[in-house]
Structures are given as structure tokens and as C-alpha cells.
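Okay, so here's the structure we're looking at.
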Amino acid sequence: MSRGRSGSRRLAPRADVALLAGYHSPQVDVAVRLNTNEAPELPPEAFVRDLQEAVGAIEMNRYPDREARALREAIAAQHGVGPEHVYCANGSNEVLQSLLLAYGGPGRSVAVFEPTYALHSHIARVTGTGVIEGERDEEMLIDERELARVLTLGGRAGEENPVVTFVCSPNNPTGRAEPRDSVERVLAAAPGLVVVDEAYAQFAPWSATELLADHPHLVVVRTFSKTWSLAALRLGYAIADPEVVDALWRVTLPYHLDSVKQAAGVLALRHRDAVAERTARLVEERGRLSAALRSLGMDVYPSDANFVLFRTTGHDARGVWRSLLARSVLVRDVSSWPRLEGCLRVTVGNRMENDSFLVALRSALG
Ligand SMILES: *Cc1c(COP(=O)(O)O)cnc(C)c1O
């Protein structure tokens, strides 16, 4: 690194960063894209019209509202809290990054229960935070004994550890929502913040937002990327105690949310009915897709989200993934993840996409 084009300059990143692998979900051109849990539909037309008008009215020469007040008020109103409980960022991944910039760092650790959303441990490592890995039980949920074991390990790494305990509910990539009593157990036992990532909240039977009032160390994270059909917008938020929100502001770059995004977020919230209809359609499709996968002999995990995890029993998962890709269908290959040997994750698309996937799978299985 220190030779060649750069002469004698040192271009090596921090040693622990040099060891990190980036986040890689392949973006390739295919006819049927079912690998990143996006919504299959465009956002409602009325929203797009509203947004076009709003964009025309933005004074582009001016910096955006640094505190994103209108957006935070609109989100807060939806959750029945004050705007001081709401923090917004460029996607929920950036919310998670802010959380770990503020609460993580050297000497500090987070707890995760694998298999789970890879960005939780990835962002921890990027911020120099230790990762304590717990394991989910047979049902891919967090059981009491494993929780105790993980928290004890955390305590050995320093009495405040883990500073953040991550709960992904519904869990990506396995699909089920964590039951309320399980999250309550985590809240009772964790020494630091409990961050519940609810990227798929609209599909879940309950939400941890119900527990916010009684638990100032609870942070619930949401995104517009999935159910809202707005992955391109990059907007996510946290609902938390004002003290936590205040800490998040301290690590946030000035004017981090552009004016277009702020306006779009406010307008999107006016089209909640459309989101509910879309969720209902996807749940119906999910049922159809799961049943079809079972009839093809796949081992299907139950899902409270817009994706389905299945094991390609009797067939090599990587091979199946490749044959699907050859048929222009892209799903997520998670077969190299611990505990997910032989598994693929497919996003629930629209009826046509799901049919194309099933046709391709049938021929991939020979
Ligand atoms: C997709 C997903 C996100 C979304 O991240 P954004 O940055 O908001 O697009 C966050 N958490 C989980 C568990 C996800 O699956």
C-alpha cells in the first residue's frame, strides 16, 4: 500500500477496517429481482404527484431544515409521541450507524442473536465496537438461557456491556417476529440500550413501540425502504427517549437530510391507507408462495415479513441460486451463513414475479 503510485505515502486504512468485508448483495440486471426485500409496487401515484409539486417549491439554494422539524413532527404524530422522541436519517442503516457512533466504540460491545441482519454486527465493527454473538433457538427466536449467557459474556467484557442489545423483529433473514414476552425479557435484563429493528413492522402481529413509554432504554427503528415502496428515498427513523435522540444528534453531520427527502417523508405519511392495502396483498401472496414452495418439497420457515426463507432440501442451494440467476431470477443466497446451510431467501414480489420465480425454481430443481 505504501509503494507504487502513492510514492512513500501511507494509504492503509485503520487496521480493523482493512480486515472488514464490505456489504455485498449483488446488484445485477435481471427480469425478476427478489433479493433485497423491496416492495414490488411503485409508490402511490397521488404521492408522486404531491412530491413533484413539493420539489418545485423547494429553495434549492438554501440548506435544508437541519432538524427536519416538519418530518419529525409528522412521524411523531403517527406514533403518538412528541418530535423530541424522533430521530431521522438516510435509511435505517444510518440510524443504526448513528446509534453506534454515539454508544459504541473501543472497549464497548453490542449483542446480536444470529442468524440476523448482518448490518448490526457490520456497523458495530466499522465503529470499533465489539460484537458478542448469541444464537437463536430452533424456532429462530431468542430464548431465555441464551439471553442470560450472552449478557454474562457482555458483563465480562466490561460492566456496561453490551451497550446495545439488538433485536430484529421480524427477524431478517429468518422471518418471524420476536414475541412480546421475549422482548420484555431482553428489556428487563439488558444493561444498556435495546434496539428493536422493525424494518418489517407492518407485517408483525405487534410492535415494540407499545413498550416505549415504560422503557427509556428502548429504541425502535423503522424504515421507508420496504413496505412504503420508497427504497430509493433512503429514509429511516428511530423512536426513543429524548436523551437518546439528543445523543444521536451529537454524532450527526449538519444538514444530513436533504430537503427533497424531508418533503417526501411528510407526504408519504399521508398515504398510509395505500401502504396497508399493499401489505395485505403481500401477505396473501406470501401465503401462496409459501404453499407453492412446500409443494415443491422445500422446507419453508414461517414468515411475519415480506420474504420467505426456505431450505432447498435434497438440492445444493448454491446450485439452485445459480440456475435461478441463469433464468433471470435473483434471490438471496444465505446458504453460507451459520445455521442457514442450504437456505435461500426470496422476497415476496407481485403475482407475476412470484409465478416467474416458481416456474424458474421448478425447472432449477429439475
Ligand atoms: C432492509 C432492512 C433495513 C433497511 O435499511 P435502510 O437503510 O432503511 O434501507 C434495516 N433493517 C433490516 C432488518 C432490514 O432488513
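Run the helix sum for the chain: -39,500 (n - 2.57) per DSSP H stretch of 4+ residues, divided by residue count, reported at 222 nm to the nearest 500 deg cm²/dmol. Provide the component values of the computation, followed by the final result.
Values: 12 runs with 138 residues, N = 366.
Calculated from helices alone, the mean residue ellipticity at 222 nm is -11500 deg cm²/dmol.
Going by C-beta contacts inside 10 Å, put Y117, Y63 in order with the fewest on the left.
On the way: Y117 20, Y63 10.
With the sparsest Cβ surroundings first, the list reads Y63, Y117.
Quick check on the chain: of the DSSP beta bridges with both residues there, what percent are antiparallel, nearest 5%?
On the way: 17 of 36 bridges.
The antiparallel fraction comes to roughly 45 percent.
Quick check: from the Cα gyration tensor, does the stretch 1-131 come out rounded (a/c under 1.5), prolate or oblate? Intermediate values should be presented prior to the final figure.
On the way: a/c = 1.65, a/b = 1.52, b/c = 1.08.
Taking the square roots of the gyration eigenvalues as a ≥ b ≥ c, the stretch 1-131 is prolate.
So for the chain, averaging the separation of alpha carbon pairs under 8 Å that are six or more residues apart and normalising by length, what relative contact order in percent results? If you can, show how the numbers build up before the last one.
Working: 668 pairs, mean separation 77.8, N = 366.
Relative contact order comes out at 21 percent.
What's the longest uninterrupted piece of the chain once you rule out the trypsin sites (Lys or Arg not before Pro) that are loop residues per DSSP with at most 11 other Cβ within 10 Å?
Values: sites that count: R3, R9, R10, R14, R62.
Excluding the exposed sites themselves, the longest stretch runs over 63-366.
So, in nm, how far is label A31 from label E146 when the simple model puts each one 7 Å beyond its Cα toward the Cβ?
3.9
If a/c stays under 1.5 just call it rounded; otherwise compare a/b with b/c (prolate if a/b is bigger, oblate if not). Do that for the stretch 305-366, with a ≥ b ≥ c from the square roots of the Cα gyration tensor eigenvalues. Write down the numbers at each step before the final one.
Details: a/c = 2.00, a/b = 1.24, b/c = 1.60.
Judged from the Cα gyration tensor, the stretch 305-366 comes out oblate (a/c at least 1.5, b/c at or above a/b).
Taking the Cα centre of the chain as origin and charging only Cβ (+1 Lys, Arg; -1 Asp, Glu), how large is the dipole, in debye to the nearest 20? Write out the running numbers ahead of the final one.
Values: 41 positive and 46 negative charges, 308 e Å.
Dipole of the chain, to the nearest 20 debye: 1480 debye.
Can you classify the stretch 85-208 as rounded, prolate or oblate using the Cα gyration tensor, where a ≥ b ≥ c are the square roots of its eigenvalues, rounded means a/c under 1.5, and otherwise it's prolate if a/b beats b/c and oblate if not?
Working: a/c = 1.62, a/b = 1.10, b/c = 1.48.
Oblate.
Throughout, read-outs are computed from the coordinates displayed, never taken from laboratory work. No experiment lies behind these values; they were computed from the predicted model shown. Please note: Cβ atoms are built from the backbone with ideal geometry, for glycine as well, and neighbour counts cover all protein chains shown.
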